[in-house]
1. So is HIS237 farther than 15 Å from ALA108 by Cβ and either out of contact with any Leu (no Cβ under 9 Å at 6 or more places or on another chain) or buried (at least 21 other Cβ atoms within 10 Å of the Cβ) (or both) or not?
2. Could you say whether any residue in segment 67-86 is assigned to a helix (DSSP H, G or I), surrounded by fewer than 14 Cβ atoms within 10 Å (Cβ to Cβ) and of a type in the set (D, E, K, R)?
3. Looking at segment 195-204, is at least one residue surrounded by fewer than 21 Cβ atoms within 10 Å (Cβ to Cβ), assigned to a loop (DSSP other than H, G, I, E, B) and either in contact with a helix residue (DSSP H, G or I) (Cβ under 8 Å, 6 or more places away or on another chain) or modelled with pLDDT under 95 (or both)?
4. Out of ALA21, ALA41, ALA47, I need the residue that is of a type in the set (Gly, Ala, Ser), on the phi < 0 side of the Ramachandran plot, modelled with pLDDT of 85 or more and touching a helix residue (DSSP H, G or I) at 6+ places or on another chain (Cβ under 8 Å). Which one?
5. Quick one: GLY236 ticks every box in (1) modelled with pLDDT under 95; (2) in contact with a Ser or Thr (Cβ under 6 Å, 6 or more places away or on another chain) except a single one, so which number is it?
6. In the set PHE11, PHE15, which member is in a loop (DSSP other than H, G, I, E, B) and modelled with pLDDT of 85 or more?
7. Being within 20 Å of the chain's Cα centre (by Cα) and assigned to a loop (DSSP other than H, G, I, E, B): is that true of GLY106 here?
8. Right, ARG150: crowded, with 19+ Cβ neighbours inside 10 Å, modelled with pLDDT under 95 and among the basic types (Lys, Arg) or not?
Amino acid sequence: MTHTVGFPGLFDRTFTMNPEALAFSIGPLDFSIKWYGVIIACGFALAVLYAARRAARFGTSTDELIDLLLWALPLSIVGARLYYVLNKWDYYSAHPGDIIKVWEGGLAIYGGVLAAFATVFVFSRVRRCNMLGLMDIGSLGLLIGQIVGRWANFVNAEAYGSETSLPWGMSIDGGAPVHPTFLYESLWNLVGFAFLHFYSKKKRTFPGEIALLYLTWYGFGRFFIEGLRADSLYLGHTDIRVSQALALFMFVCAGGAWLYLRLSRKNTPAHKEE
């Protein structure tokens, strides 16, 4: 289905968005790639390049990162899908065959993030490598992926908020302007990445600090952004937004842990400067 997207308070031009539009296809194999997938793949590639470049700074190696990604990528997709399905169980319990239809949409970033951190934990225990270092560099990579990946929502004309009179309100198919929440989250993550990138170079106090600050930063921003969303997942039949509640929990727990460790100074020195 084709959509027109515009920002009437900023300029007159509109954009035509077609979620089914193909970026390219491989004829003999009857295999096609959509723009949504291209954008997600670009975010992933940039995250991997960045993480590989700075791996040594966090006490790990490129080889360990690649080995980890071979597990983390598919498991994160499974986690993102599982999170979505569980929060839409009323539907999927009646349509179990649709659970595996990832290509029809239905991935939740929180499920992917939780699965990624769980994978790092198990991988580091099995391989006996630097778990906290992997979590730190992985958090920076996640921010890059989220910065770029949110623009896939723009292509699909999704993940927008409630109506707004702000000048940057986004109009879809000529409707009333709404909050471009995909843009808010992309910009929030961009600021967070810039801060944590430079912080990790100069002031990182203890291993695992970047991961805690990522969870704190993302949780704080997502709490407010999720409150604007028009497509939130709700807890059962309540008015509680699942992602908003999880964001608050993440912010309080990670922020509290960071503050405690920072003040107590009961930690090990950071790795040497690059």
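1. Yes.
2. no
3. yes
4. When all the criteria are applied, what remains is ALA47.
5. (2)
6. PHE11
7. yes
8. Yes: the conditions hold for ARG150.
The values are calculated or read from the model by the stated rules, or taken from the named source; none is laboratory data. Keep in mind that this is a model prediction, so the values were computed, not measured. As a convention, Cβ positions derive from the backbone with ideal geometry for all residues, glycine included, and neighbour counts pool all protein chains shown.
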